[in-house]
Amino acid sequence: MTSALSDEVASAWFARFSEHLQRGDVASTTSLFLPNGWLRDFLAFDWDLRTLHGHEKISSYLSEHLPNSNFLEFELASDQYFKPSPGPMPGTVTAGFSFSTPIANGRGYFNLSSTTEMEDIAGWKASTVFITIDSLKNHEEKGAAGDIYGGRCPTWGEARDIEWRKAEEEPEVLIIGAGQNGLQVAARLQQMEISSLVVDKNDRVGDTWRRRYPTLALHTPKTHHSLLYQSFPSNWPFWTPRDKLAEWLEQYVVSQDLLVWTKSRVIPAPTYDRDSKRWTVTVNKAGKICTLHPKHVVVATGMLGEPYMPTIEDQETFEGQIMHSEGFSGGADFIGKRVVVIGTGNSGADIALDLSTHKARSVTMIQRSTTVVQPASTIAEQHLQVYPPDVPVEVSDFRAFATPTFRLFEILAETRGLMWDQEKDLIEGLRKAGMNVDMGPYGAGILPLVYLRFGGAWMDVGCGDKIIHGEIKVKSGVEITKFTKQSIVLSDGSAIEADVVIFATGYRHMAQMLKNLLSDEIIDETYSLPNGLDEEGEYEVGYRPTGHPGLWYAPGSFNNSRLQSKYLGIQFQALNIGYMKL
């Protein structure tokens, strides 16, 4: 498809789309979508994050919200990243656009598909439309600081200290958790001139990563997991190692001027005053008791609770070592040992590979149920299509979120066959070696599990080859039922002699942790916990109202908080101004 035809198609469709929206014409707007098309709305029609699929749901949503909307000044994008262009799939066209309302500046992105001949301009329909509020007027992000300190007096350091003292006394937002999500939310709020304080129980920022097994590296390319406003240097490793990420997070706090209290725990349970619309939160700051009264509390402690390690019959009689994967110190400590790894997710596979590489006497993995396995090379290829190194991360984020999550699953399933030549030797080899390998939800591989279960998958970086060649053993379809002095007994009655048993069994659900932190009463008022995706494919109560005023969650991966922190901050601003009610 030529650029000229792309421009003609996008311009004609967009002219109709903008006209119908401004007229409030629900039926005509809906008709511009494919029957199975998608509308993803972040705050443009409603103060929420929503995805509607199919004409019936799109029409119903527009009927409810379009009469109260006042869209103005639609304009098709012309810059190099969002101008009308041939889409990623044959017979598609993509383009970005901007618009405004009396109170906000908006952005969007659409993907069109031809329903007739490509040259039939009227036959193009939207498969997806993403429409968002990008900022509230007169409340845009402040951008890079100029000479904002009035003749440089006070100095930058003095001015920062004044801001921090104010925030420590009465922060507008208290963020619990100084991992990547909490820090990116704090960085975003700072640019939106919303004061925040981050508290974290660890001694140092990044300790959550430092505690993981030493060979851990992030399972996405660096372009996917860079931090807001601060991409990695060009010579940064393709797969970011555990310790390097921990150091980068610690440095990020300094470079972004974030106010973080480490060695600080929220003392259960915070209380909320509905008259003042403020919390009372008591924090133990390295032994000093402090009381804070923020308007908002953002929980950014991750999606998982404490390490899960089952209690097994007679485990006290075992004469060897028993540990959770979180306590694994590295394969070099287990040279010559007989090691059994319980679990075949990413952690189990990485640990088994490390043990084998460091000459453990034997390594056996216990697989209870099926595991989705894909080579790292195919995962990297999928991510680099969405996050190419020559495109700014903020551009890639917006274009990535323009595809609704469940539509992404469909695309992954539709294109999985294109990857089969790269995957078949690994998957078929593992099956011959006795592993139970499946193709993932919808046949789409690993990525849907990241959203749906936060685990249960294995991105292979070498463990698979060792299993195929017999260097690592796998026992599938069984689970550990009992310990003896020098072995484990499995559910099929067989036994495996062992010196060390490592439970790579993941983590408990965060529900109990949140109840302990916030109280049953507060949790009971919320719509849900951030358990994963709702029926529309959006994170349940993530970066959106939770049902309890002033309580918010920041779940997901790096890209979620990197982009969706913007929409969280806009909601805070809208509540302050009075545009939004809870």
Quiz item: Val478: surrounded by fewer than 18 Cβ atoms within 10 Å (Cβ to Cβ), touching a strand residue (DSSP E or B) at 6+ places or on another chain (Cβ under 6 Å) and not in a helix (DSSP H, G or I), yes or no?
Solution: yes
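Yes/no per residue for (1) within 27 Å of the chain's Cα centre (by Cα); (2) among the aliphatic types (A, V, I, L, M); (3) surrounded by 14 or more Cβ atoms within 10 Å (Cβ to Cβ); (4) farther than 22 Å from Asn576 by Cα:
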{"position": "Val266", "(1), (2), (3), (4)": "yes, yes, yes, yes"}
{"position": "Asp273", "(1), (2), (3), (4)": "no, no, no, no"}
{"position": "Ile289", "(1), (2), (3), (4)": "no, yes, no, yes"}
{"position": "Pro294", "(1), (2), (3), (4)": "yes, no, yes, no"}
Quiz prompt | Every pair of residues 6+ apart whose Cβ atoms lie under 9 Å, when the first sits in segment 366-380 and is over 13 Å from Leu449 (Cα atoms) and polar (S, T, N, Q) while the second is open to solvent by 10 Å² or more (accessible area, probe 1.4 Å) and in a helix (DSSP H, G or I) | solution = Ser377/Gln422; Thr378/Met419; Thr378/Gln422
Practice problem: Output the qualifying pairs, or none if there are none: Cβ atoms under 8 angstrom, residues six or more apart or on different chains, first residue in segment 64-80 and of a type outside the set (D, E, K, R), second residue exposed (fewer than 12 other Cβ atoms within 10 Å of the Cβ) and assigned to a loop (DSSP other than H, G, I, E, B). | Solution: Asn70/Pro102; Leu72/Pro102
Exercise. Please specify each residue of segment 169-228 satisfying the condition of being within 25 Å of Pro268 (Cβ to Cβ), of a type in the set (D, E, K, R) and surrounded by fewer than 21 Cβ atoms within 10 Å (Cβ to Cβ).
Key: Glu169, Glu170, Glu172, Lys201, Asp203, Arg204, Asp207, Arg211
Quiz item: Just checking, which of Ile103, Ile121 is in contact (Cβ under 8 Å) with a residue 40 or more places away in the chain and either among the polar types (S, T, N, Q) or within 27 Å of Trp552 (Cβ to Cβ) (or both)?
Solution: Ile103
Exercise. Of all residues in segment 91-122, count the ones that are among the small types (Gly, Ala, Ser), in a loop (DSSP other than H, G, I, E, B) and modelled with pLDDT of 95 or more.
Key: 0
Quiz item: Looking at segment 440-460, which of its residues are out of contact with any strand residue (DSSP E or B) (no Cβ under 7 Å at 6 or more places or on another chain) and either open to solvent by 70 Å² or more (accessible area, probe 1.4 Å) or aliphatic (A, V, I, L, M) (or both)?
Solution: Tyr442, Ala444, Leu447, Val450, Arg453
Quiz prompt | Residue list for segment 1-21, restricted to those being open to solvent by 70 Å² or more (accessible area, probe 1.4 Å), touching a residue at least 60 places away in the same chain (Cβ under 8 Å) and of a type in the set (A, V, I, L, M, F, W, C) | solution = Met1
Quiz item: Among the helices (runs of 4 or more DSSP H) contained in segment 1-90, which hold 1 or more residues that are at pLDDT 95 or above and among the acidic types (Asp, Glu)?
Solution: 3-23, 55-65
Self-check item: Among the residues listed as Gly348, Gly331, Gly343, the single one being touching a helix residue (DSSP H, G or I) at 6+ places or on another chain (Cβ under 6 Å) and either open to solvent by less than 20 Å² (accessible area, probe 1.4 Å) or among the basic types (Lys, Arg) (or both)
Solution: Gly331
Quiz item: Taking only pairs six or more apart or across chains, which ones have beta-carbon atoms under 9 Å, a first residue in segment 246-273 that is under 20 Å from Glu168 (Cβ atoms), and a second residue that is of a type in the set (Ser, Thr, Tyr) and part of a helix (DSSP H, G or I)?
Solution: Leu258/Tyr252
Quiz prompt | Given (1) surrounded by fewer than 22 Cβ atoms within 10 Å (Cβ to Cβ); (2) within 23 Å of Phe238 (Cα to Cα); (3) in contact (Cβ under 8 Å) with a residue 24 or more places away in the chain, index of the condition Asp390 fails | solution = (3)
Quiz item: Counting only residues that are crowded, with 19+ Cβ neighbours inside 10 Å and of a type in the set (S, T, N, Q), how many does segment 93-121 have?
Solution: 2
Self-check item: Criterion (in contact with a helix residue (DSSP H, G or I) (Cβ under 8 Å, 6 or more places away or on another chain), open to solvent by 30 Å² or more (accessible area, probe 1.4 Å) and at pLDDT 95 or above) met by exactly one of Lys566, Lys485
Solution: Lys485
Quiz item: For Lys244, are the conditions met, namely being open to solvent by 70 Å² or more (accessible area, probe 1.4 Å) and within 24 Å of His224 (Cα to Cα)?
Solution: yes
Quiz item: Residues of segment 255-282 being in contact with a Lys or Arg (Cβ under 7 Å, 6 or more places away or on another chain) and assigned to a strand (DSSP E or B), which ones?
Solution: Trp261, Ser264, Arg265, Arg278
Quiz item: Do you know which residues across segment 351-372 are open to solvent by less than 30 Å² (accessible area, probe 1.4 Å), touching an Asp or Glu at 6+ places or on another chain (Cβ under 8 Å) and of a type outside the set (S, T, N, Q)?
Solution: Val363, Ile366, Val372
Quiz item: Do you know which residues across segment 304-315 are touching a residue at least 60 places away in the same chain (Cβ under 8 Å) and either touching an Asp or Glu at 6+ places or on another chain (Cβ under 6 Å) or open to solvent by 100 Å² or more (accessible area, probe 1.4 Å) (or both)?
Solution: Glu306, Pro307, Glu313
Exercise. Write out, first by first residue and then by second, each pair whose Cβ atoms fall under 7 Å of each other, whose residues are 6+ apart or on separate chains, and whose first residue, in segment 518-546, is of a type in the set (Lys, Arg) while the second is open to solvent by 10 Å² or more (accessible area, probe 1.4 Å) and part of a loop (DSSP other than H, G, I, E, B).
Key: Arg544/Asp48
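The values are calculated or read from the model by the stated rules, or taken from the named source; none is laboratory data. None of these values were measured; they are calculated from a predicted model. Positions of Cβ are generated from backbone atoms using ideal geometry, with glycine treated the same way; all protein chains shown enter the neighbour counts. To get the accessible areas, we keep the full protein, side chains included, count just its heavy atoms, and leave off ligands, DNA and RNA. Shrake-Rupley method; radii C 1.70, N 1.55, O 1.52, S 1.80 Å.
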